[in-house]
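K.L.:
Handing you this structure, nothing more for now.
Quick note: the coordinates plus some simple rules give every number you see, no bench work behind them. Remember, it's a predicted structure, so these values are computed and weren't measured experimentally. Virtual Cβ from ideal backbone geometry, glycine too; neighbours counted across all protein chains shown.
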Amino acid sequence: MIVFIREIYNKKRFKYYNEQYIVIILCEGIIKKRPNNSLLINIFNRTYDAGAAWKLRKVILRCFFLHPRRLFNILANKISKLLKSTHVIGMPSTMMIEPTSFCNLQCGMCGKNQYIELGVDLQEGHMRFENFTGLINEVYKYVFTVFLWNYGEPFLNKDVFKMVQYLRDRDIITAISTNGNLLDQQAAVRLVNSGLSYLVISLDGTDEESYNKIRKGGSYEKVIKGIENIITYRDQKKSLTPYVDLQFVVMRDNEEKVEEMFDLGRKLKVDRVTLKKCQISLESLREQFLPVNREFRYNCYDGMDNEIQSTCYRLFEHSSINWDGHVFPCCDIKDPECSMGNCFETKSFKAIWNGTLYQQFRKNYLENKKYYICKKCPGKAQSANLDL
Ligand SMILES: C[S@@+](CC[C@H](N)C(=O)[O-])C[C@H]1O[C@@H](n2cnc3c(N)ncnc32)[C@H](O)[C@@H]1O
Ligand code: SF4
């Protein structure tokens, strides 16, 4: 399906584009208008604003036209989901791969810290480049997007640029989320040259004071400089990528800063500002972190129903790989007891993807047996991003 979209951004909030014609090939056709009149497009479970789809058009076209098997794989995954089959046809279409679980900051709301509070023993380490390439060699014909992070700060792994390049050379759309503290000029040059498609920079404050309340151990100034480094070099090089998305998790300590965040985004000339809802599994931390304004919260934190739905695409279309090779059905699951196997030890991701444990997990999920983690997941009931 080819969809032509004429996009008109609200000039007050987003001045970055006025009008654009977008060609999206084989998008799932879900187009949603934000209250500010800009458009959101769902392409295979990922929501992009129209500006991102336009800037990434070359990457998207190469990704599918040079690797048509990826399209058949998406179709196969969707058929498996529709049939509620525990054995999934094909390989995952998207993957989250964690280059490292080490971090240079200690943000109180981070899922990693919540696991530590729960007493789960999360081992730390960097993913080895040869393990990474072994995995990619097995899956690249099928996977069309890799999210190169989970817990930890990706830029602490010295091989992260090589990883991005390895994915780019295989025409995989690649995204990284970073706290932005390590993006000095040299890193910015390497990153733009590596061919990264999408860069999420987490900035939960609009000045040193509001930033420090949340991003403990970080430096607001360094992040701002990092953003400037990336955008300056990218524009100098006349490159469309990486698309830079400034992400703001709305919490109690920063909810008053939402409008300022949009102003800051305009000032820094980022491509997009995204507001994200805060996910707090531990009840004891909710009071401290959840914003007061209910508009910014997941409904489930206000007593609304959060039953498991049998439609979560992750179990059929996505897989999450820990730095050490442990495979999880979802990026929010880190409990070692929920590992589906270790693909670095077995040297076969495929055997794990349709192995006994993965199939049992899908079966339990489909039968609505409430794994604690799926029950607590607010994402299945609502999107994580606030479509403002
Ligand atoms: C866990 S971090 C890892 C990558 C990197 N260290 C960073 O901070 O961007 C990935 C994303 O999750 C967001 N995040 C952290 N804690 C969160 C929470 N409790 N709810 C929602 N998002 C959260 C971060 O802001 C970041 O954008
Ligand atoms: S920088 Fe990212 S990974 Fe590190 S503690 Fe903060 S949110 Fe978590």
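K.L.:
Please report the relative contact order for the range 219-304, taking Cα pairs under 8 Å with a sequence separation of at least 6, and give it as a percent rounded to a whole number.
P.N.:
Value for the range 219-304: 29 percent.
K.L.:
What is the order of E98, E208, E138, fewest Cβ neighbours within 10 Å to most?
P.N.:
Fewest-to-most Cβ neighbours within 10 Å comes out as E208, E138, E98.
K.L.:
Which residues does the label zone of E287 cover in the range 83-114, counting backbone N under 14 Å from a point 7 Å along Cα→Cβ?
P.N.:
The answer is none, because no backbone nitrogen lies closer than 14 Å to the label point.
K.L.:
Over the C-alpha atoms of the range 69-190, what are the Rg and the largest Cα-to-Cα span, Dmax, in Å?
P.N.:
16.5, 50
K.L.:
Another question about this same structure. Pull up all non-local amide H partners of Y243: gap of 5 or more, or a different chain, and H-to-H distance under 5 Å with H placed in the peptide plane.
P.N.:
Long-range HN contacts for Y243: Y198, L199.
K.L.:
Quick check on the exposure proxy: order T100, T356 from fewest to most C-beta atoms within 10 angstrom.
P.N.:
T356, T100
K.L.:
What FRET efficiency comes out for D184 versus K213 if R0 is 22 angstrom and r is the Cβ-Cβ distance? Round to the nearest 0.05.
P.N.:
Plugging the Cβ-Cβ distance into 1/(1 + (r/R0)^6) gives 0.35.
K.L.:
In addition: Could the peptides 327-338, 344-355 be put in order, highest first, of the mean number of other beta-carbon atoms found within 10 Å of their residues?
P.N.:
For the peptides 327-338, 344-355, the packing ranking is 327-338, 344-355.
K.L.:
Could you derive backbone 3J(HN,Hα) for the range 180-189 from the dihedral phi with the Karplus parameters 6.51, -1.76 and 1.60 (θ = phi - 60°), listing whole Hz in sequence and x where the residue is Gly or Pro?
P.N.:
x, 7, 10, 8, 6, 4, 5, 5, 4, 4
K.L.:
List, largest first, the extents of the alpha carbons of the range 118-228 along their principal axes, each in whole Å.
P.N.:
Taking the Cα atoms of the range 118-228, the three principal extents are 46, 39, 21 Å.
K.L.:
Can you tell me, using C-alpha contacts under 8 Å and at least 6 residues apart, the relative contact order of the range 46-120 as a whole percent?
P.N.:
16
K.L.:
Specify whether the C-alpha gyration tensor of the range 183-324 places it in the rounded, prolate or oblate class, a ≥ b ≥ c being the square roots of the eigenvalues: rounded for a/c under 1.5, otherwise prolate if a/b is larger than b/c and oblate if not.
P.N.:
oblate
K.L.:
Another question, if that's okay. Cross-link candidates for K347: which aspartates and glutamates have Cα within less than 18 Å, leaving aside residues fewer than 8 places away along the same chain?
P.N.:
Qualifying aspartates and glutamates at Cα under 18 Å: E98, E130, E138, D324.
K.L.:
From the cross-link list K141/K267; K55/K141; K257/K334; K213/K237; K213/K269, which pairs have alpha carbons spaced over 28 Å apart?
P.N.:
Pairs exceeding the cut-off: K141/K267; K257/K334; K213/K237.
K.L.:
Taking H as built 1.01 Å from N, whose amide H comes closer than 5 Å to the amide H of K141, not counting residues under 5 places away?
P.N.:
Amide H to amide H, under 5 Å and 5 or more residues apart or across chains, K141 pairs with nothing.
K.L.:
Shape verdict for the range 53-115, please, from the Cα gyration tensor: rounded (a/c under 1.5), prolate (a/b greater than b/c) or oblate.
P.N.:
Verdict is oblate for the range 53-115.
K.L.:
How would you rank S284, S239, going from fewest to most other Cβ atoms within 10 Å of each one's own Cβ?
P.N.:
Ordered by Cβ neighbours within 10 Å, fewest first: S284, S239.
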